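Here's the structure we're looking at; comments come further down.
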């Protein structure tokens, strides 16, 4: 096992000096060893779904070709139903991983399934704090439409605090490094920030008191803000001597961290390297989300026949069906890249990282994007091999609430995620022996 | 703001706006629900949160029974944060560290929409970065400390004076002892005077009191009223003079409130707020994400802002004239050449196919889209921007028919007319595609052509429904003329400005009455920007408090 000094490593690859977070959990306690064996849970989102036509040939289809190497480690669902009111990007996006749509541009409908799991793990291991890590990428060919889609709820995939706290993913490799290592600021600056934050908390407490001057909405917002301060403080204390033990390979960085002029795929690879490194290096990181393009994002591809730019939202040109499939395939390729990266990375407890990581892939729209349907949605569940009967394709309709609930069950969590009336329990037959408690 | 002469307490009957119970999901102060003030006619000085509220009368009578109000708690946008720092500290955050960490997002076009603004971990780090960057830009702190503490020589009392004085500026109110103590503690901890003052300033800047516009469940205080006014008219935090004026009753009576607003509108910051409104309303930021970037995109935006500057500020005329203006100011040779002129400057368009706002390359670019869907994109932009209307998304059944309608050999116009002729599409598409016909000869980069690439001539003719009547037109000039006279367009401009002022999206069912009254005032005031600001600010809805802003579906 290699001893890995994060500061030296990152100084080498990034040309930047970084400080490190305070992670008391790194102590080599018996529980820390147990923690290293626990499963991870990642959700992966991409916009606009996959046309049914691109998947009807099951895993042999052109669209799913990139997933073929993992066909024995994945479950593919072609007909997941988002149940609830409304349709279109808004409802689909807020429903995806949450289990209930919202009409709000301010609050989500509830915790996302990754955060629900994290909460239960924190309850099951009260002396330990499980962390999460989120990343997102955007298409370099994004249309103006993508930049105009406002509202954080439309571009965040992971929510906690009953759906009130958005976990906006890191958008650049450097941001992932910051989560992993602290920020690119001096030790002196960090000390100053610590004392400033203490003072801000002290001077703001009266705002939240029962007899305070604020209305409920203002109090809620201040409360969330102070939560951000507390969360940030936890990462402020410098621990320069920290070295983490990386099992096996340390990824190599052949590309500079800046500037970011690379293609989406190469940028994704770079971010993925940082993302996986974070999971290798920090056993407390067990949860996360990856957002591959923003809600309603119109990724663009050029039709070589006439040079026209086609988006994945122009479903009504039958003769260009192959191009829409190509766009969907490009997302599938990114998903396959993640699975490949997890499969080639040794994990703490032996085996590869994919075998101990549950990856749930979903999107906000079903069938062809242009009809804004919330039926016939594509989903996939990969990894965490011992707990699933992998290797099958499912075209029967299942509720998304079943999908989320079964995924929690695989982690040892017995909890319906989403509206109970939409839970049928049909997918539990795909589980192998699973524990009764979070583990 | 220059010195007020309005700070004379008046003794007139004052109706105290009182908080009434929840009505549906919104609770607001209702002018019809009154209770006697303790000192009628005298504006109570502002007080810390939880203390006495200001006493405000309804400035303009209203017949609305619905409860419209601006957004309650709202985060400063990245731009507002930087402007507030510039106004109070005198330093410019350029580039803005907040924008680098987490760019703001628009909701329904407007970036100041309360429910699109959240504090994420990235944004929080941005606040820290921005606050530390600001104090570093201040340079030596001694003059800054002296400016706010009044102390020639730093001493034990200076820290508290400094925190109270600077805090009152940044937090828009007096600080309580409990609030002051932790920040003074920062100042006086074992560190240098420079560091102490820097850290105290950073603490004030990253406090929720600074970055949020917080309002309580009771009646607005004087500084909260001042904050709303400064935010609307200036996109700024209120200065001491404005707060003092409000405390002294300058917003208690219509005549004095009008005078106060006139003074505020004469302030240079009023143009800043106006330009920000225009940028959001017309979606000019989209220019940065299009193929045309850099100097040309900037000069397109500058041309449009210059047109409004001329109409709204130089001439103070009817805003509807922007549609028919035959003069324009272009700042680059590149844009001048796009318009068929050789040099930048003030151009006379009277012999040009271009006219007014719709003739601007900026509008043609942000509304445009290459190919056969041009009429759809442009029509939807015009419908949303100038008519304040939207159409529902097509159903799956309708979309299934689209391939039969689509014919690539047809021009964009012919394809559009085919959609309109297909019965199932007509209902919605006829509401917006014809709006784009007058701009047919301008492509998505603002270039004019007589015909398309296949040699098919553009007609720029068509029909549109306006104010309940169908009108025929033969050119962009005729479309512009129709729009400039339309009460529907006027109403939409008033609505967009109100949306901007309230910092939230409009709920038509709940807000229509207030919008109608504001629009009526806007018209009566000659449809100037100044008149529109007054119509919004003097309407009772502006002083109402919303506990929970009604949410909308996209």
Legend entry - Answer from A:8, A:62, A:28 - the residue that is at pLDDT below 80 and touching a helix residue (DSSP H, G or I) at 6+ places or on another chain (Cβ under 7 Å): A:62
Inset, instruction - Output yes when any residue across region A:257-268 is modelled with pLDDT of 65 or more, closer than 30 Å to residue A:332 by Cβ, under 26 Å from the mean Cα position of the chain (by Cα) and assigned to a loop (DSSP other than H, G, I, E, B), and no when none is. - result: no
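On the given criteria, is residue A:123 within 10 Å of another protein chain (Cβ to nearest Cβ), more than 19 Å from residue A:278 (Cβ to Cβ) and either at pLDDT 90 or above or surrounded by fewer than 23 Cβ atoms within 10 Å (Cβ to Cβ) (or both)?
Values: within 10 Å of another protein chain (Cβ to nearest Cβ): no; more than 19 Å from residue A:278 (Cβ to Cβ): yes; either at pLDDT 90 or above or surrounded by fewer than 23 Cβ atoms within 10 Å (Cβ to Cβ) (or both): yes.
Judged against the criteria, residue A:123 is not a match.
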Legend entry - Some residue of region A:341-360 being buried (at least 23 other Cβ atoms within 10 Å of the Cβ), under 14 Å from residue A:77 (Cβ atoms) and more than 15 Å from the chain's Cα centre (by Cα): no
Inset, instruction - Name the one entry in B:309, B:291, B:303 that is in contact (Cβ under 8 Å) with a residue 60 or more places away in the chain and either under 29 Å from residue B:523 (Cα atoms) or within 14 Å of chain A (Cβ to nearest Cβ) (or both). - result: B:291
Legend entry - Test result for residue B:503, in contact with a helix residue (DSSP H, G or I) (Cβ under 9 Å, 6 or more places away or on another chain), surrounded by fewer than 14 Cβ atoms within 10 Å (Cβ to Cβ) and at pLDDT below 95: no
Legend entry - Within region B:61-119, considering residues that are in contact with a strand residue (DSSP E or B) (Cβ under 7 Å, 6 or more places away or on another chain) and away from every other protein chain (no Cβ under 14 Å), the one surrounded by the most Cβ atoms within 10 Å (Cβ to Cβ): B:67
Inset, instruction - Report yes if some residue within region B:340-360 is in a helix (DSSP H, G or I) and over 20 Å from residue B:493 (Cβ atoms); otherwise report no. - result: no
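For the condition under 25 Å from residue B:238 (Cβ atoms) and at the interface with chain A (Cβ under 8 Å from one of its Cβ atoms), what is the one hit in B:203, B:168? Talk me through it step by step, then tell me what you get.
Working: B:168 fails: at the interface with chain A (Cβ under 8 Å from one of its Cβ atoms).
Checking each option against the conditions leaves just B:203.
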Inset, instruction - Give B:248, B:240, B:200, B:257 a once-over and let me know the one that is surrounded by fewer than 24 Cβ atoms within 10 Å (Cβ to Cβ) and within 17 Å of residue B:175 (Cα to Cα). - result: B:240
Legend entry - Positions within region B:137-162 being outside any loop (DSSP other than H, G, I, E, B) and in contact (Cβ under 8 Å) with a residue 24 or more places away in the chain, in sequence order: B:137, B:138, B:142, B:144, B:145, B:156, B:159, B:160, B:162
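Within the bounds of region B:315-323, is there any residue that is without any contact (Cβ under 8 Å) to a residue 24 or more places away in the chain and surrounded by 17 or more Cβ atoms within 10 Å (Cβ to Cβ)? Give the steps one after another, and end with the answer.
Kept after step one, since they are without any contact (Cβ under 8 Å) to a residue 24 or more places away in the chain, are these residues of region B:315-323: B:315.
Then keep just the ones that are surrounded by 17 or more Cβ atoms within 10 Å (Cβ to Cβ); that gives none.
Checked against the condition, which is being without any contact (Cβ under 8 Å) to a residue 24 or more places away in the chain and surrounded by 17 or more Cβ atoms within 10 Å (Cβ to Cβ), region B:315-323 yields no hits at all.
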Inset, instruction - Just name the residue that is modelled with the lowest pLDDT out of those in region B:407-427 that are surrounded by 18 or more Cβ atoms within 10 Å (Cβ to Cβ) and within 14 Å of chain A (Cβ to nearest Cβ). - result: B:425
Legend entry - Residue, modelled with the lowest pLDDT, within region A:158-169, restricted to residues that are touching a helix residue (DSSP H, G or I) at 6+ places or on another chain (Cβ under 7 Å) and at the interface with chain B (Cβ under 8 Å from one of its Cβ atoms): A:166
Inset, instruction - Taking only region A:192-219 into account, find how many residues are at pLDDT 80 or above and surrounded by fewer than 19 Cβ atoms within 10 Å (Cβ to Cβ). - result: 9
Inset, instruction - Please go through region A:126-157 and pick out each residue that is at pLDDT 65 or above and part of a loop (DSSP other than H, G, I, E, B). - result: A:126, A:127, A:128, A:129, A:130, A:138, A:155, A:156, A:157
Inset, instruction - Please work out which one of (1) more than 14 Å from every other protein chain (Cβ to nearest Cβ); (2) touching a helix residue (DSSP H, G or I) at 6+ places or on another chain (Cβ under 7 Å) is the condition residue B:315 fails and give its number. - result: (2)
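The values are calculated or read from the model by the stated rules, or taken from the named source; none is laboratory data. Values in this document were obtained by computation on a predicted structure and should not be read as measured data. Please note: Cβ atoms are built from the backbone with ideal geometry, for glycine as well, and neighbour counts cover all protein chains shown.
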